[in-house]
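Structure record follows, encoded as structure tokens.
The values are calculated or read from the model by the stated rules, or taken from the named source; none is laboratory data. What you see is a predicted model, and the numbers here were worked out from it, not measured in a lab. Positions of Cβ are backbone-derived with ideal geometry, glycine not excepted, and every protein chain shown enters the neighbour counts. We work out accessible area using only protein heavy atoms, side chains counted, and drop any ligands, DNA or RNA first. Shrake-Rupley method; radii C 1.70, N 1.55, O 1.52, S 1.80 Å.
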Amino acid sequence: MSDQHHVDYLLGLGDDALIYAQRLGGWLTHAPQIEEDMALGNVGLDLIGQARALLTRAGEVEAADPVRDEDDLAMLRDEREFRNVQLVEQPRGDFAHEMARLLWFSSYQCELYAALLTSGDETLAAIAAKAVKEVEYHRDHATQWVLRLGDGTPESHERMQQGLVAVHPFVAELGEDHDAARWASEQGIGVLPSTLTEAVNASVGQVLERATLTMPDPPRWYARGGREGIHSEVMGYLLAEMQHLARSHPGATW
Amino acid sequence: MSDQHHVDYLLGLGDDALIYAQRLGGWLTHAPQIEEDMALGNVGLDLIGQARALLTRAGEVEAADPVRDEDDLAMLRDEREFRNVQLVEQPRGDFAHEMARLLWFSSYQCELYAALLTSGDETLAAIAAKAVKEVEYHRDHATQWVLRLGDGTPESHERMQQGLVAVHPFVAELGEDHDAARWASEQGIGVLPSTLTEAVNASVGQVLERATLTMPDPPRWYARGGREGIHSEVMGYLLAEMQHLARSHPGATW
Amino acid sequence: EALAAYFDGLVEDDQRVEPRDAMPEAYRTTLIRQMAQHAHSEIIGMQPEANWISRAPSLRRKAILMAKVQDEAGHGLYLYSAAETLGVDRSELLDKLHQGKQKYSSIFNYPTLTWADAGAIGWLVDGAAIMNQVPLCRCSYGPYARAMIRVCKEESFHQRQGFEILWTLARGTEEQKAMAQDAADRWWWPALMMFGPPDSGEAASNGHTAQSMAWGIKRFSNDDLRQKFIDMTVPQAQKLGITLPDPDLRWNEERGHWDFGDIDWDEFWRVLKGDGPCNEQRIRTRVEAHEDGAWVREAAAAYADKQAAQEVA
Amino acid sequence: EALAAYFDGLVEDDQRVEPRDAMPEAYRTTLIRQMAQHAHSEIIGMQPEANWISRAPSLRRKAILMAKVQDEAGHGLYLYSAAETLGVDRSELLDKLHQGKQKYSSIFNYPTLTWADAGAIGWLVDGAAIMNQVPLCRCSYGPYARAMIRVCKEESFHQRQGFEILWTLARGTEEQKAMAQDAADRWWWPALMMFGPPDSGEAASNGHTAQSMAWGIKRFSNDDLRQKFIDMTVPQAQKLGITLPDPDLRWNEERGHWDFGDIDWDEFWRVLKGDGPCNEQRIRTRVEAHEDGAWVREAAAAYADKQAAQEVA
């Protein structure tokens, strides 16, 4: 059972990166300026890279016969087997909404990967060492935009604030502990999400303050269950799109 | 080769019905009033029924080993093998846009099935005999709405006119002859699409006149190639959604 | 006085109250609230299943599912019409739904995550709904009772279809079996919550029950209906080969009923108050459809006015 | 006079004209038009390939494709920047694109219908683009020439990636082979049209060629480039095991070139004038992104102004 927790923990990290990359890919050709097509493409590329490494590692630890590789795990799992938080699977909103999501998610990933630098899973520690620099860039990028939009025009301020509100029900799930994380943290392999929350909140809070924005009130509802494969109804459509081609040609090489 | 034309002809008819039903299904829970959820659901159901009969017949004529049934043909063909016109695959627009599409498509289907009543393919003739009554109801339903919207409020008039404009580049393809139809018409099995065009245009034209609307100017571009499996880029996404589950469980029974 | 006595007599003799009959204002408002909530549930209840129309795994299933969602729209219409006999109109009731002033069944705030959920909703959710609704076919208010007779007939058809979806999955591949089991795991407890809070104890909320019973609107207590549902459903689950997710479920020879475990009433109240997975989404989808359709309804009204004016002229 | 002579001398000696140098107004406007069209082609050219990012069949391919589309955005930026050295700005050029006053390469008005199209675009479309662009690395206008050097380096990388996609498909399942062949069938002729109308004959349209050659902007005629491309590509197709859709394609020993069949110039003009499968969609997508982003760009400008004001204060 311990191994399955290890796998699940890695899948949670990998699926977060993969599914968010999938959503960010949708910005290419739709960004507000060409520089931003490139920047969001970069963030997406970094996340796909993280996802590939994490899913590959999950397959190694799982050691199924035959071993499932990154594509088996990305393309051939069903919705209930995906362990990402619901934040990352939400459809693309406006640009402010995206920057709100990116600020929260990258702030979380900064704390996460920093903590994983000392993981007892050396492969995971190495992935974290590479990723931690990437996600610091992502956080910086989101921060710059949140400042510009928060302290830009009245319209952008309002949209940015609304983006924060829209994202808020999905934030708490990033800090929710779950069986796999508890096991991983006990083993010195992973980190308990709840231990990151304070630093994440502080980091985001500082940005919001500088951006003349306010932290939204506690939301009326909270997303729950992503780590156990409970997703929002949009997830099935995302997976249908992502997996259709691969599933249409079983066993093919690309 | 003649048999393949027969199959292709049936697939064209069946795919039109199937793909339009797929789009109409999207109106359920999104219609402007509950009566319309029901009405568009009804049209969709009729079209799925037609599609099932037509695809089943196509599979019979094809006589592959093993015979492909309606679901093999709906769920396991790739985009380039679908032979529907591009009109039916276009995403859902506003309600006026949908009524413009339904008016054209049902007017076409009225003429089509009336002509197929005497098809030398007796199964096809029987399908047409049932369908011809259904599509008359569809045309009547679309007609009623085009009248209401065309001669309703200034906003609805404008939207209805815009809907007609949006649909116009896709109309000519309904009347385009293609190899399978030429063969089918020579064999007394099918009807040459171009022979229906005049009646379809007259029928739609009368409705537009009563509705105080005008037939749009010839469009700047025309959709082409659906009957040869050339689709618009939206088609791949439609198929991914429609086929994902079936393709995820090869050989399963539902 | 005489009118009130007439009303009491009707109810006492188990006769039907009709729209023309005088009735206590509280009876009227209770009925409106209940019928509206019921109609809203049909309309909102279309969403979780409509979610699978475009992805149904076969054309036969697609057609059946589309017809089912369409039937739910029809049920909504019957029920709004029945409510309209009490002098409210549909648009007023819809506004209350959209503003969160009237509720719908909380079960529809759960997502449909797999195809098996289309089966589980038919089997468990429609099954529970029928259990609630069959007694309403004898409800004291005539139009409601008659609407329920139509609704129940179709619902039991839906329930069989849902059962059949799961039956097929449970006899399918390992993945399909797991899908069926997972759906039952997720829908079982919420389905039990559909009968409302318990009749007694900490979580009870005995608001309207006694009065509704006296008026002949309600015939059985929540717990009685829940027990009937469980007694009916457990053997069906056994037949399906599905394990219901309650370790305390066991036959009680003495009671002649199935014992069952504790229901998580915190979850019930939480979802009811808005913190369910789909509350926001369901209302947003509904409001969007309504607002997007406003210009269409206006056009239809304007056209009808013009036609009427022409006929007069 | 002296300035004009200086310009002529630079061009004659195959030196680079730089932004500070005086240049004929017609040279400047020709360059702006060409560079803008080139930049627009990069930006619009993102769309057909971006269409497959979400559906790429493996994560490796998804990453490569995303990087490629991103590179195209980068090329667009280089080229707009190069054009800006001539005193226009990007937003002005984008407006002209959006209003249909400046063109982009017609090839991007064809849809990407299968995954193999991502390969065919890399192999054929980028291949043809490189053939057009390599001579531009020696273009008389310095900033354009330097931008092209960067672009060409990346494009040839993309071309190899596209070839590799098709190579893998051509060695895959029967369906994958058919997919590769189908893509080549659909992209071959439009790729040949990328070199523009023929140098002579009925379909010729020798508008700017002679002058552009004299100015050192254009180095080879359309037909020469087309022939070079065909000569380069036919052996690659043979290596792939793909049959190019031209029954008249055969080696001409005498000419030392591949002969090829007639190009459908009617289609070329039709698509160029707006009646291509995706013209409307491409511009609509582009305009939507631009309009949806207007408030963001305004906010960024407002913020920058505030920051600048603070630094002054």
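The table below gives the values:
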| read-out | value |
| --- | --- |
| Single unsatisfied condition, residue D:49 versus (1) closer than 30 Å to residue A:74 by Cβ; (2) in contact with a strand residue (DSSP E or B) (Cβ under 9 Å, 6 or more places away or on another chain) | (2) |
| Any hit, the range A:51-59, residues being within 18 Å of residue D:67 (Cα to Cα), part of a helix (DSSP H, G or I), in contact with a helix residue (DSSP H, G or I) (Cβ under 7 Å, 6 or more places away or on another chain) and not basic (Lys, Arg) | yes |
| Candidates A:220, A:227, A:182, filtered to the one that is outside any loop (DSSP other than H, G, I, E, B), open to solvent by 40 Å² or more (accessible area, probe 1.4 Å) and among the basic types (Lys, Arg) | A:182 |
| Single residue of the range A:191-202 satisfying the filter (under 30 Å from residue A:152 (Cα atoms) and in contact with a Leu (Cβ under 9 Å, 6 or more places away or on another chain)) that is surrounded by the fewest Cβ atoms within 10 Å (Cβ to Cβ) | A:197 |
| Helices (runs of 4 or more DSSP H) enclosed by the range B:60-140 - at least 3 residues per element that are over 24 Å from residue B:160 (Cβ atoms), at pLDDT 95 or above and not aliphatic (A, V, I, L, M) | B:70-75 |
| Cross-chain or 6+ apart pairs with Cβ under 9 Å, the range A:175-191 first and on the phi > 0 side of the Ramachandran plot, then open to solvent by less than 20 Å² (accessible area, probe 1.4 Å) and modelled with pLDDT of 95 or more | A:188/A:119; A:188/A:121 |
| Residues of the range B:91-107 classified as of a type in the set (Phe, Trp, Tyr) and within 14 Å of chain C (Cβ to nearest Cβ), total | 1 |
| Identity of the residue in the range B:42-77, within 7 Å of another protein chain (Cβ to nearest Cβ) and among the charged types (D, E, K, R), that ends up most open to solvent (accessible area, probe 1.4 Å) | B:52 |
| Search result, residues across the range D:11-45 that are acidic (Asp, Glu) and under 30 Å from residue D:70 (Cβ atoms) | D:18, D:42 |
| Hits in the range C:64-74 - residues which are within 13 Å of the chain's Cα centre (by Cα) and more than 7 Å from every other protein chain (Cβ to nearest Cβ) | C:71, C:72 |
| Which listed residue, of A:250, A:154, A:169, is under 30 Å from residue B:240 (Cβ atoms), within 14 Å of chain D (Cβ to nearest Cβ) and of a type outside the set (Val, Ile, Thr) | A:250 |
| Residue within the range C:199-222 that is touching a strand residue (DSSP E or B) at 6+ places or on another chain (Cβ under 6 Å), of a type outside the set (A, V, I, L, M) and surrounded by 18 or more Cβ atoms within 10 Å (Cβ to Cβ) present | no |
| Candidates D:61, D:28, D:90, filtered to the one that is away from chain A (no Cβ under 12 Å) and out of contact with any Pro (no Cβ under 9 Å at 6 or more places or on another chain) | D:28 |
| Condition met for residue D:145 (within 8 Å of another protein chain (Cβ to nearest Cβ) and either open to solvent by 10 Å² or more (accessible area, probe 1.4 Å) or part of a helix (DSSP H, G or I) (or both)) | no |
| The lone exception for residue D:45 - which of (1) open to solvent by less than 10 Å² (accessible area, probe 1.4 Å); (2) more than 14 Å from chain A (Cβ to nearest Cβ) it fails | (2) |
| Any chance residue B:148 is open to solvent by 40 Å² or more (accessible area, probe 1.4 Å) and either touching a helix residue (DSSP H, G or I) at 6+ places or on another chain (Cβ under 9 Å) or within 11 Å of another protein chain (Cβ to nearest Cβ) (or both) | yes |
| Total residues in the range C:175-221, condition modelled with pLDDT under 85 and touching a Pro at 6+ places or on another chain (Cβ under 7 Å) | 3 |
| Residues within the range B:124-138 that are touching a helix residue (DSSP H, G or I) at 6+ places or on another chain (Cβ under 7 Å) and open to solvent by less than 60 Å² (accessible area, probe 1.4 Å), tallied | 9 |
| Tally, over the range D:287-311, of residues that are under 19 Å from residue D:49 (Cβ atoms) and more than 8 Å from every other protein chain (Cβ to nearest Cβ) | 0 |
| Count - residues of the range B:230-247 that are at the interface with chain A (Cβ under 10 Å from one of its Cβ atoms) and either open to solvent by less than 20 Å² (accessible area, probe 1.4 Å) or of a type in the set (A, V, I, L, M, F, W, C) (or both) | 7 |
| Residue pairs meeting the criteria (Cβ under 7 Å; at least 6 apart or on separate chains; first open to solvent by less than 10 Å² (accessible area, probe 1.4 Å), in the range C:72-100; second among the aromatic types (Phe, Trp, Tyr) and in a helix (DSSP H, G or I)) | C:82/C:144; C:93/C:80 |
| Condition check for residue B:88: more than 12 Å from chain C (Cβ to nearest Cβ), open to solvent by 10 Å² or more (accessible area, probe 1.4 Å) and hydrophobic (A, V, I, L, M, F, W, C) | no |
| Pairs with Cβ under 6 Å, 6+ apart, first in the range C:260-287 and open to solvent by less than 20 Å² (accessible area, probe 1.4 Å), second among the small types (Gly, Ala, Ser) and part of a helix (DSSP H, G or I) | C:271/C:106 |
| Sole exception among (1) assigned to a loop (DSSP other than H, G, I, E, B); (2) in contact (Cβ under 8 Å) with a residue 12 or more places away in the chain; (3) open to solvent by 60 Å² or more (accessible area, probe 1.4 Å); (4) within 14 Å of chain D (Cβ to nearest Cβ) for residue A:159, by number | (1) |
| Residue check for residue C:60: of a type outside the set (Phe, Trp, Tyr), surrounded by fewer than 18 Cβ atoms within 10 Å (Cβ to Cβ) and within 23 Å of residue C:197 (Cβ to Cβ) | no |
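Each row is one residue, and each column tells you yes or no for (1) within 14 Å of another protein chain (Cβ to nearest Cβ); (2) at pLDDT below 95; (3) open to solvent by 10 Å² or more (accessible area, probe 1.4 Å); (4) out of contact with any Ser or Thr (no Cβ under 7 Å at 6 or more places or on another chain).
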site	(1), (2), (3), (4)
A:2	no, yes, yes, yes
A:6	no, no, yes, yes
A:10	no, no, no, yes
A:21	yes, no, no, yes
A:24	yes, no, no, yes
A:28	yes, no, no, yes
A:31	yes, no, no, yes
A:35	yes, no, yes, yes
A:40	yes, no, no, yes
